[in-house]
Amino acid sequence: IGDKLVDGYVSLQAKNICVAGVKIFYGSQTGTAKRFAQHLAETVISFNLPVEVISMGDYDPDDHLVEETSGRNICVFLVSTYTDGQPSESAAWFCKWLEEAAHDFRFGQMYLKGLRYAVFGLGNSVYVDHYNTVGRNIDRWLWMLSASRIMTRAEGDCNVAQSKHGSIEADFEAWKAKFLSRLQALCRGEKKPCSGKCKKGKCKSPGKQSEESSDCEHGASEYENTEAEELFETSSEEEADAEEAGGASSVIDVEDLGNIVSHMRKAKVPLSTQENAGRKEEGEKREMITLALREALTKQGYKLIGSHSGVKLCRWTKSMLRGRGGCYKHTFYGIESHRCMEATPSLACANKCVFCWRHHTNPVGTEWQWKMDQPEMILQEAIENHQNMIKQFKGVSGVKADRLAEAMSVRHCALSLVGEPIMYPEINRFVKLLHQHSISSFLVTNAQFPDEIRNLEPVTQLYVSVDASTKESLKRIDRPLFKDFWQRFLDSLKALSEKQQRTVYRLTLVKAWNVDELKAYADLIALGKPDFIEVKGVTYCGESSASNLTMANVPWHEEVVHFVQELADLIPDYEIACEHEHSNCLLIAHKKFKTDGEWYTWINYSRFQELVHEHESSGGSKTFTAADYTAKTPRWALFRSRERGFDPSDIRYQRKNKARDISGC
């Protein structure tokens, strides 16, 4: 580099320096990336610039990465690609977190806006299919969260026959020289020269078609994205695919499939191919999940099972593994969130709700018309997939060893991941299998299948989604497929009233859509006589052509509290029992669950397993009721408690969001 570069920096000391320091993150398996990080740090130190070398294995991105959005530091990522395109062991958690954040609407597409970064990947081109996959992925995920690339990603190659400079060391030295030059320019506050004719990241400056063309700016600060596409360089097929699938201009949840359909169209996959995927021969029922959809869903974080089922790790499972609190079901009913499996035996649904997390691209239908998998296989693979996802948290910063061990034994199943579980023809066999494995069952239905509700075997807790209280508003919000949807809705509530075990209404409040129908809600409660009523503010799932909901439709927690208080005044047999502020959710309970002034909304899960076993052993003649398996609700879970529903045995973590918190779900 020479003394000229160093001297050039020293002359900046009296000026307004635009870089406060450099943080060098490395993920290394054999030590090469670590060695490169140390060498780079030594050079940066010679600039009299603060530098920090950080192993990804010792860094918690969930806690700290957002702090870098001030833009004062430059973050450098030196990452190796290990076996089968996977990150090194030390970088595994960082990469998993970053991937999920990039596809999780709760973080938001601007979550890392302001973070400035550069990436150098270490790989071996002998492994063609996985060459430098980790570096490419980190680069793409950072971009999807609106971080700003200060220079083009570079890739070092251990294969000396293909290495651009003869060895991976020489590749690194060449990149390092460019990085230091770029760093010096940033310290001076310089902007890239540009003719002003750039379009979507492709610089057309006279005589220059630079790899760093996307860094040119037109009156914007060095690290400010005016349009995400301008900072995205399609330097690999993976990045091009990401841009086609939605890129940073979309808010993408792992459960949001809208981008998948768009990507499928752009890939020009013939419709006939999609419709016939999974058919072995003419006349056989088709699979619910097409091949293209299966591939895309897998990339989005789903663990798909057979032809119509899936399992996914809930963020509250991760939270409780780290001692950061459980979900609202932990507060209201005492489930252990780290031992809860979120799954579904049917990805299909009979509604197209305006607040659907899938943006209405999952399969829809009014009856089962697909190939059917056996419940034994679904449950076995669901548990195996869930356990494999849990195992990935071994060694992750903050994860409690005792909870990790407990999490390997599933004790609860939330049949609410996506779709309509009750549509699955063998739902009763599936539920019985859960109970035989000592797994409690929380089943959610959208109140369009009254006969199936009546025929349903006992479950630990049966939910019905009550998204509106009048025929007109239900049609507008749920957009059901059935023509007789309203009668089906009412019949489903009547069927719920006939159940002897615990029943719940789940109300999702959508501001300006369904919050002004209190009397009508009270009438529906009288019809279905639920044991409990959960009232929750809608969670914003990002923009979608299928819905016009915005953040303006998300009620504040105190607005939800006000609604619940007014509703409780209209239903004299009920009172507000519990609250989970972090999920923007409250629980109204029937007074029969209150004894001597004490609430008993929690569940005695071992007693339930005894009761359901006796019921099944007697061929259904021995019945039991919700009152037979209650447990006392702890003080901290009660409405208006000082903890606001947060378990004091854990430590609450407040995410440093730059926008309104919409994380409740």
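Some points to look at:
- Tyr302 sits with roughly 0 Å² accessible to a 1.4 Å probe, with DNA, RNA and ligands left out of the calculation.
- Surface accessible to a 1.4 Å probe, Lys499 within the full protein complex, Å²: 50 Å²
- Think of each Lys and Arg Cβ as +1 and each Asp and Glu Cβ as -1; about the Cα centre, that makes the dipole of the range 302-637 roughly 800 debye.
- Efficiency of FRET from Cβ geometry, Lys371 and Trp636, R₀ 51 Å, rounded to 0.05: 0.60
- Projecting the Cα atoms of Gly21, Ala33, Met56 onto the charge dipole of the range 21-188 (Cβ charges, centred on the Cα centre) puts Gly21 farthest toward the positive pole.
- On full extension, the segment bounded by Lys591 and Ser181 gains 140.5 nm, given 0.36 nm per residue less the C-alpha separation.
- Per-residue extension of 0.36 nm, minus the Cα-Cα distance of Glu558 and Glu42, leaves a gain of 180.5 nm for this segment.
- Full extension of the chain segment joining Arg479 with His613 gains 44.4 nm, where the gain is 0.36 nm per residue of separation less the Cα-Cα distance.
- Rounded to the nearest 10 Å², the accessible area of Thr317 at probe 1.4 Å: 0 Å²
- Among Tyr302, Leu433, Phe332 the positive-end extreme of the charge dipole of the range 302-637 (Cβ point charges): Tyr302
- FRET efficiency for Ser409 and Leu570, using Cβ-Cβ distance with R0 set to 51 Å, rounded to 0.05: 0.75
- Spin-label pair Ser621/Gln380, simplified geometry with 7 Å Cα→Cβ offset, distance in nm: 3.4 nm
- Gap separating the Cα centres of the range 408-426 and the range 129-169, nearest whole Å: 40 Å
- FRET efficiency for the pair His130 and Asp63, taken as 1/(1 + (r/R0)^6) with r the Cβ-Cβ distance and R0 = 30 Å, rounds to 0.50.
- Cleavage-rule hits, trypsin sites (Lys or Arg not before Pro), the range 43-126, DSSP coil, Cβ neighbours within 10 Å at most 16: Arg72
- The residue list Ser621, Ser469, Leu321 was ranked by how far each Cα lies along the charge dipole of the range 302-637 toward its positive end, using unit charges on Cβ atoms, and Leu321 comes out on top.
- Less than 5 angstrom separates the built amide H of Val53 from those of Ile24, all sequence-distant by 5 or more or on a different chain.
The values are calculated or read from the model by the stated rules, or taken from the named source; none is laboratory data. What you see is a predicted model; the values in this text were computed from it and never measured. Cβ coordinates were reconstructed from backbone atoms using ideal geometry, including for glycine residues, and neighbour counts include every protein chain displayed. Just the protein is used for accessible areas: all its heavy atoms, side chains included, with ligands, DNA and RNA removed. Shrake-Rupley method; radii C 1.70, N 1.55, O 1.52, S 1.80 Å.
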